[in-house]
Amino acid sequence: MSEPLTATRSETVAARRAPADQQLAAKRSLKMQIARLEAQLSALLLAGLPHLPAPRAREGTGSTPPRIATLAQLERRRDTLVAHVRHTQTAAAARIDHEREARALLRAMQLEPGRYKFFALRAADVGEAGCGVWHVRPRLGIVGMLAGWWQVKLSSGCPLASAAAAAAAIWARGGPSPAPLLLRSKPGLGC
Amino acid sequence: MTPPAAAELVCVGWRASEVERELPELRVLSCEVLTARSCLRPSPEPIRRQLAALSDRFNGAKAIALRGQAVPAAYRALSNAIGIDPDVVATPIEQAVFGRMFNGAFLSVNLIEDALLIALVDTAVAVAALDADLLTGQLGIRPAVAGERLRSAEPEPPLAGGELVLADGVDPLALLGVPVPRCAAPRRATRRLRLYALEFAGVSQLTVREALWIAASTLEAHR
């Protein structure tokens, strides 16, 4: 009589343990997914710096005390990271398009500067480092303007502290986003 | 024959069974350091110079690449595993680097803080210090029991239960946070310090031992 009873007890224990084991396995799998997503997000952000904004914590999400994360918490975190990765991928793709357009515009400016009088294009928009600005200017000042001698010049130099403060204020208002092409033309001298 | 350095006598702490089951790689490693004078005194010149050298070495490019490195990524993974959003509570190395970028340098605070900061910047592993005289038994990690309070000079609110805490043989000492919080912190009169750091998935015991060794040897060199 004792054998069947023992078997029944061990079966019960195994039956109780099974969901716990499954849950542990599910948690392990989720942790691996989260780690993979974190790595993917980090790689995307590093590749897109400084133009891709790092995901920010949602408003009102405070710190919670450390606990062994539940399955639901891990799933939520995984879903949040998936959303972050998708958002960052979209932003990265938009940035690539933006740079491609800017490079095409720069090429056109260099080929026919006369058509793009006083246009300015930030080097950062072309995907170059630094604070330079590609600018279509007349050669020899007023003489060049009258004679139609236009050239593309790369000005260098970083903005003054006042400009940095203005940029910080913009960043504080809503974070960086792919900046629009910096195009300027003087009224009356348009392209 | 020279006696072994303090950091070579590393103790591996205990874990509650729930912690062992859910986070099998999580352990607390600790070592004891003796100091002849207060560890809260201002750092001597060599340590200030070392911090300055670290500040020069840790430039913006390194700060940017930090997130992709193995140990900082492992800290983010640990945060996720213990229900802390690493985008809300920055990991210890991220906090140190924010400080470096914000202040323009790793600022010297006192001997103990500087020794821990040097270990953190060198290895990305957070090392914390406790007053060894206030501890009873070995350090370990366990979930808190509802109603328990952290041992502290100031009255602490009772814990809800289930929070992961760093504990000695008697009381919970600190919430197992990222960054590692301080409790039973070293005082001016402290002469026996227990340095501890966490080992977990992605942060090998070797790296943790190296971090403890750096912190302990910095303190011992200026005891």
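Using the structure shown, decide if B:Leu116 is within 29 Å of A:Leu37 (Cβ to Cβ) and not hydroxyl-bearing (Ser, Thr, Tyr).
The answer is no for B:Leu116.
Out of all the residues in region B:70-84, which are touching a residue at least 24 places away in the same chain (Cβ under 8 Å) and in a helix (DSSP H, G or I)?
Result: B:Ala70, B:Val71, B:Pro72, B:Ala73, B:Ala74, B:Tyr75, B:Ala77, B:Leu78, B:Ser79, B:Ala81.
Residues that are touching a Leu at 6+ places or on another chain (Cβ under 6 Å) and at pLDDT 70 or above: does region A:133-156 have at least one?
Yes, region A:133-156 contains a residue that is touching a Leu at 6+ places or on another chain (Cβ under 6 Å) and at pLDDT 70 or above.
Among the listed residues B:Ala144, B:Ala124, B:Ala115, which satisfies the condition of being within 10 Å of chain A (Cβ to nearest Cβ) and either touching a Gly at 6+ places or on another chain (Cβ under 7 Å) or at pLDDT 90 or above (or both)?
B:Ala144
Give just the number: which of (1) out of contact with any helix residue (DSSP H, G or I) (no Cβ under 6 Å at 6 or more places or on another chain); (2) surrounded by 15 or more Cβ atoms within 10 Å (Cβ to Cβ) does B:Cys39 not satisfy?
(1) is the only condition that B:Cys39 fails.
Being surrounded by fewer than 24 Cβ atoms within 10 Å (Cβ to Cβ) and either in contact with a Cys (Cβ under 8 Å, 6 or more places away or on another chain) or acidic (Asp, Glu) (or both) is the filter here, so list the residues in region B:113-128 that pass it.
B:Glu113, B:Asp122
Starting from region A:68-92, keep only residues that are within 26 Å of A:Pro50 (Cβ to Cβ) and at the interface with another protein chain (Cβ under 9 Å from one of its Cβ atoms), then list their pairs with residues that are assigned to a helix (DSSP H, G or I) and of a type in the set (Asp, Glu) whose Cβ atoms are within a distance under 7 Å, requiring at least 6 positions of separation or different chains.
Close Cβ pairs (under 7 Å, with a partner that is assigned to a helix (DSSP H, G or I) and of a type in the set (Asp, Glu)) amount to A:Leu81/A:Glu38.
Regarding B:Arg76, is this residue crowded, with 18+ Cβ neighbours inside 10 Å, within 13 Å of chain A (Cβ to nearest Cβ), touching a Ser or Thr at 6+ places or on another chain (Cβ under 8 Å) and modelled with pLDDT under 85?
no
For residues that are touching a Lys or Arg at 6+ places or on another chain (Cβ under 8 Å) and within 10 Å of chain A (Cβ to nearest Cβ), tally how many sit in region B:156-173.
Number satisfying all stated conditions: 5.
Quick check, is B:Leu175 farther than 20 Å from B:Asp133 by Cβ and touching a Pro at 6+ places or on another chain (Cβ under 8 Å)?
Yes: the conditions hold for B:Leu175.
How about region B:79-104: which of its residues are at positive phi and more than 14 Å from chain A (Cβ to nearest Cβ)?
B:Gly104 - this is the single residue of region B:79-104 that is at positive phi and more than 14 Å from chain A (Cβ to nearest Cβ).
Got at least one residue in region B:130-138 being surrounded by 23 or more Cβ atoms within 10 Å (Cβ to Cβ), within 22 Å of B:Thr207 (Cα to Cα) and free of Cβ contacts under 8 Å to residues at least 40 places away in the same chain?
Scanning region B:130-138 turns up no residue that is surrounded by 23 or more Cβ atoms within 10 Å (Cβ to Cβ), within 22 Å of B:Thr207 (Cα to Cα) and free of Cβ contacts under 8 Å to residues at least 40 places away in the same chain.
Search region B:32-69 for residues being part of a helix (DSSP H, G or I) and closer than 30 Å to B:Leu134 by Cβ, and hand back the single one that is nearest to the other protein chains (Cβ to nearest Cβ).
The qualifying residue nearest to the other protein chains (Cβ to nearest Cβ) is B:Leu51.
Any residue that is of a type outside the set (Lys, Arg), crowded, with 17+ Cβ neighbours inside 10 Å and within 22 Å of B:Ala201 (Cα to Cα) - is there at least one of those in region B:44-67?
yes
Restricting the search to region A:38-57, which residues are surrounded by 15 or more Cβ atoms within 10 Å (Cβ to Cβ) and either more than 7 Å from chain B (Cβ to nearest Cβ) or not in a loop (DSSP other than H, G, I, E, B) (or both)?
The answer is A:Glu38, A:Ala39, A:Gln40, A:Leu41, A:Ser42, A:Leu44, A:Leu45, A:Gly48, A:His51, A:Leu52, A:Pro53, A:Ala54.
So, in region B:107-160, how many residues would count as being on the phi > 0 side of the Ramachandran plot and in contact with a helix residue (DSSP H, G or I) (Cβ under 6 Å, 6 or more places away or on another chain)?
Counting residues in region B:107-160 that are on the phi > 0 side of the Ramachandran plot and in contact with a helix residue (DSSP H, G or I) (Cβ under 6 Å, 6 or more places away or on another chain) gives 1.
The values are calculated or read from the model by the stated rules, or taken from the named source; none is laboratory data. Since we're looking at a predicted model, the values are computed, not measured. Glycine gets a Cβ as well: all are built from the backbone with ideal geometry, and neighbour counts include every protein chain shown.
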